[in-house]
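A short write-up of the structure that comes next.
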Protein chains: 4
Amino acid sequence: MNAMRTLAALCAVLWAAAAFGQSGEPTPPKTLKAAETAIILVDFQANFVHPEGTWYNRFKPVYDKTKMLDRTVELVKAARAKGVWVIHVTEGYSQDYRELDWTNPGAFHRNQILRKAWKVGSKEAAYFDRLQPGPNDRDLFLPPRVQVSGFGGTGLNEILRSKGIRNVAVGGFTTDVCVYATVLSAYDYGYRVYALKEAMTGFYQEMSEEMLKNVYPFWSYVVGNDEWIKMVEPAPQ
Amino acid sequence: MNAMRTLAALCAVLWAAAAFGQSGEPTPPKTLKAAETAIILVDFQANFVHPEGTWYNRFKPVYDKTKMLDRTVELVKAARAKGVWVIHVTEGYSQDYRELDWTNPGAFHRNQILRKAWKVGSKEAAYFDRLQPGPNDRDLFLPPRVQVSGFGGTGLNEILRSKGIRNVAVGGFTTDVCVYATVLSAYDYGYRVYALKEAMTGFYQEMSEEMLKNVYPFWSYVVGNDEWIKMVEPAPQ
Amino acid sequence: MNAMRTLAALCAVLWAAAAFGQSGEPTPPKTLKAAETAIILVDFQANFVHPEGTWYNRFKPVYDKTKMLDRTVELVKAARAKGVWVIHVTEGYSQDYRELDWTNPGAFHRNQILRKAWKVGSKEAAYFDRLQPGPNDRDLFLPPRVQVSGFGGTGLNEILRSKGIRNVAVGGFTTDVCVYATVLSAYDYGYRVYALKEAMTGFYQEMSEEMLKNVYPFWSYVVGNDEWIKMVEPAPQ
Amino acid sequence: MNAMRTLAALCAVLWAAAAFGQSGEPTPPKTLKAAETAIILVDFQANFVHPEGTWYNRFKPVYDKTKMLDRTVELVKAARAKGVWVIHVTEGYSQDYRELDWTNPGAFHRNQILRKAWKVGSKEAAYFDRLQPGPNDRDLFLPPRVQVSGFGGTGLNEILRSKGIRNVAVGGFTTDVCVYATVLSAYDYGYRVYALKEAMTGFYQEMSEEMLKNVYPFWSYVVGNDEWIKMVEPAPQ
């Protein structure tokens with residue numbers, strides 16, 4: 001009788017193993033190959049990171065407390081050194097916003113139009129100088145986009161596929177707006193996503209914390225800089 | 001002096017008019033043409049709406065309090081009567097989840113695999129009978145999807161364009177997960193989006209309230225059923 | 001007996017009318033509203049249109065015979081005057097082609113890499129000066145793309161939707177390569193497509209003629225400049 | 001002097017190596033990992049492959065001469081055995097074509113509407129029984145699509161990414177219509193594409209030959225069944 005029970009248990013285990021296929025169990029990978037990995041930096045632009053930027057003061061307490069900007073710069077250097085591809089996505093509009101739907105009921109674009117904000121080439125749209133690549137870095141800068149998601153209108157998805165990227169780590173501005181949209185669409189596009197919680201900040205801080213706790217884990221591994229960079233196996237030289 | 005001031009004011013007005021183009025000012029439309037409008041109903045499936053569904057009890061207090069289900073059924077009937085196109089999007093996976101990445105660090109699909117949930121044809125994935133169209137309704141049912149956004153993997157964006165739809169109203173499950181993803185991607189795809197706040201509910205209620213207040217208005221007009229249906233101008237018969 | 005036959009015929013007609021819905025019959029529109037219409041100009045760049053361009057001599061016999069370039073310039077002016085939106089899409093790569101998959105078995109990108117061609121900012125990628133918009137034109141220039149289709153990686157699809165464009169007319173280079181890809185994907189995205197046969201030319205002339213005859217009509221109305229511009233109803237001023 | 005020359009030559013080599021990056025030269029891979037490879041079979045449906053299908057007689061001479069159907073069945077079996085993922089994409093419309101734009105000037109959908117063709121569940125849309133997977137095969141069947149490209153409206157691109165597929169081999173119906181659209185968009189999406197020239201046939205035979213010679217090589221490696229299957233390295237068991 002016991003033998004029967006043991007056999008039945010064994011069968012159940014084997015059946016489950018078969019059902020779960022070669023991978024045995026649905027377990028996320030513990031390491032990442034650098035050659036299959038990119039960091040997507042969302043909207044590191046003067047509006048957010050420069051003392052004269054419109055929203056700088058909103059984020060300054062975070063910068064002071066967590067050293068988010070310094071630590072992001074360090075992380076990006078370490079990632080480059082390991083062979084991770086660094087991708088910069090930015091926001092930007094034409095001088096007269098002709099590409100936007102001025103009458104859309106959503107306020108996002110309308111707000112920029114009314115504030116005359118984020119024009120391509122403007123001071124407030126300038127890129128964060130400390131994240132600029134050196135002459136030997138192969139960072140990719142995508143054209144400014146009008147979408148929320150960093151994948152919107154930039155060809156990013158196609159480029160990442162053609163280069164064999166499966167893993168994307170996402171940081172930037174902001175946890176509750178464009179970074180979330182980028183993480184969400186990355187998951188929907190089939191990427192393995194890493195949400196760099198120390199390299200992002202929220203527009204609404206409390207809600208951002210809730211989102212990091214409740215919904216980010218559905219689409220990503222929410223991870224600190226040090227843990228993430230350790231997961232990356234350097235590309236062969 | 002007064003003449004000068006008047007002239008200056010006039011110039012300012014003209015400049016603004018020129019800057020804002022033909023539309024004068026970025027003002028959202030007050031009415032919607034039914035022929036250019038669709039309702040997207042996200043995941044009205046047994047898991048959420050049937051007393052035996054896994055998550056039913058989580059939402060029951062809302063159903064009881066707001067009559068969300070009854071009111072959604074009414075809204076959809078009214079919308080059909082005005083000539084709005086009703087689109088049903090659902091979630092669903094193959095019997096062995098072969099189309100999913102079992103090792104993705106995001107937990108969403110992994111959770112369904114481990115719970116053996118949302119299989120196409122299963123009881124829990126069955127569609128809400130009270131939203132089923134009658135024989136003369138021209139509702140569209142899209143194939144079950146594996147993505148978060150209702151636009152993911154369904155061809156919805158292409159179909160809506162080919163039928164001349166510019167406005168989408170979104171309701172369903174849940175305010176903080178799939179409905180939000182649908183609203184966000186609809187805005188990124190260039191739609192005018194209406195978030196039907198009374199026809200949706202959150203998985204995390206408090207966070208959903210925060211999202212409706214803080215970020216939904218960026219991508220949509222957050223609106224009650226009665227106000228929205230009044231905005232719709234019936235299609236010519 | 002005759003009455004019966006008449007009745008049967010009538011029923012058949014009514015049934016067909018019902019089957020075909022409100023539109024009665026699947027008949028393409030005879031006119032286009034300018035506000036819903038865009039011209040997409042594909043790759044009018046020095047490589048093709050400038051006497052020093054690599055491929056200029058290949059097309060010169062066509063230019064001489066059909067006045068394609070002159071006539072395209074005229075068409076675009078007429079279209080602007082009617083309120084049609086003019087969109088310019090171009091090809092272009094970074095200086096070291098870092099965004100391309102160098103080992104792709106398809107030869108298209110590889111050829112450009114080996115020839116060091118189409119770099120952004122290079123003489124050969126320069127835009128055709130005679131199609132440049134005047135100060136009051138609201139033409140849209142999209143960022144250079146690496147894809148074949150004019151919709152690839154440019155956000156064009158999203159922008160066109162947000163502006164309410166349903167009809168696209170396509171011309172440029174070449175009938176059998178990028179223009180065909182643009183027409184094909186426009187149809188797949190749900191647009192009503194007009195193939196401007198006099199504003200395009202083929203890389204392989206004979207094959208292009210075959211394609212215009214055999215497959216273009218599946219995805220588009222193949223039309224001459226004069227007929228097309230007559231179809232466009234000017235936008236209200 | 002010789003030393004100088006040697007040094008110069010060495011520099012040139014190093015410069016080229018640097019310019020071309022790690023891969024040395026833009027050379028396509030000679031082998032494919034099965035785990036990164038899928039076969040996309042386009043529209044193997046009764047309309048084309050069954051003696052009673054509308055277009056069967058148009059293709060019968062090809063079937064007789066090249067044994068295309070038999071050889072495709074063999075190829076698919078060999079591919080499955082090596083661990084290549086087999087994907088079936090099909091065409092199909094609702095019973096009243098409500099999802100189509102009846103007034104599109106492109107004739108493709110209109111033709112199906114007028115012929116009442118390709119309805120989901122109809123005899124003519126039935127799948128080719130000889131390509132049906134066995135109980136242990138993990139083939140993927142996608143929902144019927146209304147687009148030309150096999151990537152259209154099916155979520156195929158997202159699924160392939162999530163499963164780590166970089167290489168796609170494409171065969172089916174027809175070389176000059178849907179197969180071409182699939183190959184073209186696969187290249188634009190960043191895949192490495194293999195055009196299975198013996199597993200496809202053209203609607204217009206001569207034009208298809210021209211396309212295989214002139215434009216297919218831009219987007220793919222045009223290859224015979226035997227050569228392709230030899231390129232595939234079996235997946236580890």
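The values are calculated or read from the model by the stated rules, or taken from the named source; none is laboratory data. Keep in mind it's a predicted model, so treat the numbers as computed, not measured. Neighbour counts run over all protein chains shown; Cβ positions are idealised from the backbone, glycine included. Just the protein is used for accessible areas: all its heavy atoms, side chains included, with ligands, DNA and RNA removed. Shrake-Rupley method; radii C 1.70, N 1.55, O 1.52, S 1.80 Å.
Only Lys, Arg, Asp and Glu carry charge here, each on its Cβ (+1 for the first two, -1 for the last two); on that basis the stretch C:191-237 has a dipole of about 180 debye about its Cα centre.
Using R0 = 41 Å, the C-beta based FRET efficiency linking B:Leu114 and A:Lys116 works out to 0.25. Each copy carries a label point for A:Lys67 at 7 Å from Cα toward Cβ; from one copy, the others' points are 5.9, 7.1, 7.1 nm away, ordered from shortest.
Taking every C-alpha pair closer than 8 Å and separated by at least 6 residues, the mean separation divided by the residue count of the stretch B:113-218 gives a relative contact order of 20 percent. What you get for the protein assembly as shown, charging only the Cβ of Lys and Arg (+1) and of Asp and Glu (-1), is a dipole of about 20 debye around the Cα centre. Summary of the geometry: the stretch C:54-109 and the stretch D:65-101, compared by the centres of their Cα atoms, lie 35 Å apart. Ordering D:Gln205, D:Val183, D:Asn104 by the projection of their Cα atoms onto the charge dipole of chain D, which places +1 on the Cβ of Lys and Arg and -1 on the Cβ of Asp and Glu, puts D:Val183 at the extreme positive end.
Using only helices, what value at 222 nm comes out for the protein assembly as shown when you add -39,500 (n - 2.57) per DSSP H run of length 4 or more and divide by the total residues, to the nearest 500 deg cm²/dmol?
Values: 40 runs with 386 residues, N = 948.
The helix-only estimate for the protein assembly as shown comes to -12000 deg cm²/dmol at 222 nm.
Distances between copies at A:Pro234, taken between label points 7 Å from Cα along the C-beta direction, are 3.7, 6.9, 7.3 nm in increasing order. Each Lys or Arg adds one and each Asp or Glu takes one away; over the other residues whose Cβ falls under 11 Å from the Cβ of D:Gly92, this sums to -2. Computed from the Kirkwood radius of its Cα pairs, the Stokes-Einstein diffusion coefficient for the protein assembly as shown at 4 °C and 1.567 mPa s stands at 44 µm²/s.
Placing +1 on the Cβ of every Lys and Arg and -1 on the Cβ of every Asp and Glu, with nothing else charged, gives chain C a dipole about its Cα centre of roughly 280 debye.
Relative to the longest principal axis of the Cα atoms of chain A, the long axis of helix A:178-188 makes an angle of roughly 40 degrees. For the stretch A:29-104, the relative contact order works out to 43 percent when only alpha carbon pairs closer than 8 Å and six or more residues apart are counted.
Estimate the FRET efficiency between C:Val62 and D:Asp129 by the formula 1/(1 + (r/R0)^6), using the beta-carbon distance for r and 41 Å for R0, to the nearest 0.05. The formula returns an efficiency of 0.25 here. Projecting the Cα atoms of C:Tyr194, C:Tyr221, C:Gly134 onto the charge dipole of chain C (Cβ charges, centred on the Cα centre) puts C:Gly134 farthest toward the positive pole. Counting only DSSP beta bridges whose two residues both lie in the protein assembly as shown, roughly 5 percent are antiparallel.
Ascending distances from the D:Pro133 label point to its copies in the other chains, with the point 7 Å along the Cα-to-beta-carbon line: 3.1, 3.9, 4.9 nm. Shape analysis of the stretch A:29-105 places it in the oblate category; the axes a ≥ b ≥ c from the Cα gyration tensor give an a/c of at least 1.5, with a/b not above b/c. Measuring from each Cβ of chain C to the axis carrying C onto B, the nearest residue and its distance in whole Å come out as C:Arg161, 3. Could you name the lysines whose alpha carbon sits less than 29 Å from that of A:Lys30, not counting residues in the same chain fewer than 8 places away? Candidates past the 8-residue exclusion: A:Lys67, A:Lys77, A:Lys82, A:Lys163, A:Lys197, A:Lys213, A:Lys230, B:Lys116, B:Lys119, D:Lys33, D:Lys82, D:Lys163.
What net charge do the residues around C:Thr66 carry, taking every other residue with its C-beta under 11 Å from that of C:Thr66, with Lys and Arg at +1 and Asp and Glu at -1?
On the way: positive: C:Lys65, C:Lys67, C:Arg71, C:Lys197; negative: C:Asp64, C:Asp70, C:Glu198.
Around C:Thr66, the surrounding residues sum to +1.
Just to confirm, what accessible area per residue do you get for chain B at 1.4 Å probe, in whole Å²? Mind showing how you got there, number by number?
Working: 9810 Å² over 237 residues.
Accessible surface, normalised per residue, equals 41 Å².
Partner shielding of A:161-172 amounts to 4, given as the average count of beta-carbon atoms from other chains within 10 Å of each residue beta-carbon.
Using alpha-carbon pairs under 8 Å, 6+ residues apart, how would you state the relative contact order of chain D in percent?
On the way: 364 pairs, mean separation 58.2, N = 237.
Taking the mean separation of contacting Cα pairs over the length of chain D, I get 25 percent.
Using the Karplus relation 6.51 cos²θ - 1.76 cosθ + 1.60 with θ = phi - 60°, the per-residue 3J(HN,Hα) values for the stretch D:222-230 come to 7, 9, x, 4, 5, 5, 5, 5, 5 Hz, with x marking Gly and Pro. Accessible surface of the protein assembly as shown, 1.4 Å probe: 57 percent of it comes from carbon and sulfur atoms. The residues neighbouring C:Trp228, those whose beta-carbon lies less than 13 Å from its own, together hold a net charge of +1 under the Lys/Arg +1, Asp/Glu -1 convention.
3J(HN,Hα) couplings calculated from phi for the stretch A:99-106 with the Karplus curve 6.51 cos²θ - 1.76 cosθ + 1.60 (θ = phi - 60°) are, in sequence order, 8, 9, 8, 5, 9, 5, x, x Hz; Gly and Pro show x. Which whole-angstrom value gives the distance between the alpha carbon centres of the stretch A:210-226 and the stretch C:185-237? About 48 Å separates the Cα centre of the stretch A:210-226 from the one of the stretch C:185-237. Highest average first, the peptides D:187-193, B:222-228, C:199-205 ordered by how many other beta carbon atoms sit within 10 Å of their residues are D:187-193, C:199-205, B:222-228.
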